[in-house]
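The values are calculated or read from the model by the stated rules, or taken from the named source; none is laboratory data. Computed from a predicted model, the values in this text were never measured in an experiment. Reconstructed Cβ throughout: ideal geometry from the backbone, glycine too, with neighbour counts over all protein chains shown.
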């Protein structure tokens with residue numbers, strides 16, 4: 001029986017990248033095996049296009065990528081028979097998110113968004129350098145928030161967003177105010193693209209994440225890997241797919257689980 005085609009979808013912070021240092025070195029053995037086997041690694045992150053481009057350069061990654069919790073899919077030039085880079089967007093633009101947040105602030109809700117913070121302030125809250133924080137502010141459809149109120153007011157705030165057709169998602173460090181999309185939208189879009197390349201072949205999608213905003217992405221995969229981390233206990237094991245929890249944290253857990261799965265599928 002021929003080997004299936006494997007596609008990896010991976011969160012970054014706390015998953016492929018260390019939660020505190022953003023180091024990916026512990027995952028290097030698995031990444032090298034994936035590259036040698038020509039297996040795409042689709043980065044699926046709350047990070048911006050500019051941020052993910054920088055990470056892809058360090059990883060020597062040339063696969064499509066998904067940004068801002070599913071706000072957009074970026075398909076590089078010469079991928080899927082397109083000679084130019086393509087960007088597929090989902091949901092409301094950031095301007096609409098910021099307009100709603102301004103109204104909610106007038107109602108007394110207390111929070112700080114990236115639009116309110118300087119790169120130096122973002123750096124203090126995220127461990128990003130100021131240059132990296134500047135890239136993080138360049139957003140297309142989402143707004144990361146630090147919440148300053150209590151849990152009761154947060155529940156009311158979440159309800160106001162949902163009533164207006166928006167969502168509030170917990171990421172690794174920040175809450176993310178966004179339109180009605182999630183990380184799964186980009187996964188579905190790209191899986192269809194990969195299936196069109198080989199309609200009769202067997203395709204296995206493996207998704208790795210560590211926090212609740214990865215939940216829908218994990219549910220779209222054939223194999224869901226919950227990487228041990230700060231919020232991983234809050235991630236529900238998908239019932240409709242095979243699910244694994246890593247024993248190690250961050251990129252070390254990522255590396256261990258991916259290598260084991262590659263061996264299982266004959267790579």
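Of note:
Here is a yes/no grid of residues against (1) within 20 Å of residue 252 (Cβ to Cβ); (2) surrounded by fewer than 21 Cβ atoms within 10 Å (Cβ to Cβ); (3) within 15 Å of the chain's Cα centre (by Cα); (4) free of Cβ contacts under 8 Å to residues at least 12 places away in the same chain:
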{"position": "29", "(1), (2), (3), (4)": "yes, yes, no, no"}
{"position": "41", "(1), (2), (3), (4)": "yes, no, yes, no"}
{"position": "46", "(1), (2), (3), (4)": "no, no, yes, no"}
{"position": "62", "(1), (2), (3), (4)": "no, yes, no, no"}
{"position": "70", "(1), (2), (3), (4)": "no, no, yes, no"}
{"position": "75", "(1), (2), (3), (4)": "no, yes, no, no"}
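- Every residue from segment 208-262 that is in a loop (DSSP other than H, G, I, E, B) and in contact (Cβ under 8 Å) with a residue 24 or more places away in the chain: 210, 211, 221, 229, 230, 231, 235
- Selection of segment 96-113 for residues being in contact with a helix residue (DSSP H, G or I) (Cβ under 7 Å, 6 or more places away or on another chain), part of a helix (DSSP H, G or I) and closer than 14 Å to residue 148 by Cα yields only 104.
- Index of the failed condition, residue 134 passing every other in (1) over 16 Å from residue 169 (Cα atoms); (2) within 23 Å of the chain's Cα centre (by Cα); (3) surrounded by 13 or more Cβ atoms within 10 Å (Cβ to Cβ); (4) in contact (Cβ under 8 Å) with a residue 24 or more places away in the chain: (4)
- Residues in segment 215-245 that are under 16 Å from residue 8 (Cα atoms) and either surrounded by 19 or more Cβ atoms within 10 Å (Cβ to Cβ) or out of contact with any strand residue (DSSP E or B) (no Cβ under 8 Å at 6 or more places or on another chain) (or both): 215, 216, 217, 218, 219, 220, 221, 223, 224, 225, 226, 227.
- Residues of segment 116-132 satisfying the condition of being touching a helix residue (DSSP H, G or I) at 6+ places or on another chain (Cβ under 6 Å) and either assigned by TED's automatic domain parsing to the domain that holds residue 68 or closer than 28 Å to residue 165 by Cα (or both): 122
- Selection count, segment 77-92, where residues are under 21 Å from the mean Cα position of the chain (by Cα), assigned to a loop (DSSP other than H, G, I, E, B) and exposed (fewer than 15 other Cβ atoms within 10 Å of the Cβ): 1
- Against the conditions (1) in a helix (DSSP H, G or I); (2) in contact with a helix residue (DSSP H, G or I) (Cβ under 6 Å, 6 or more places away or on another chain); (3) free of Cβ contacts under 8 Å to residues at least 40 places away in the same chain, residue 168 satisfies every one except (1).
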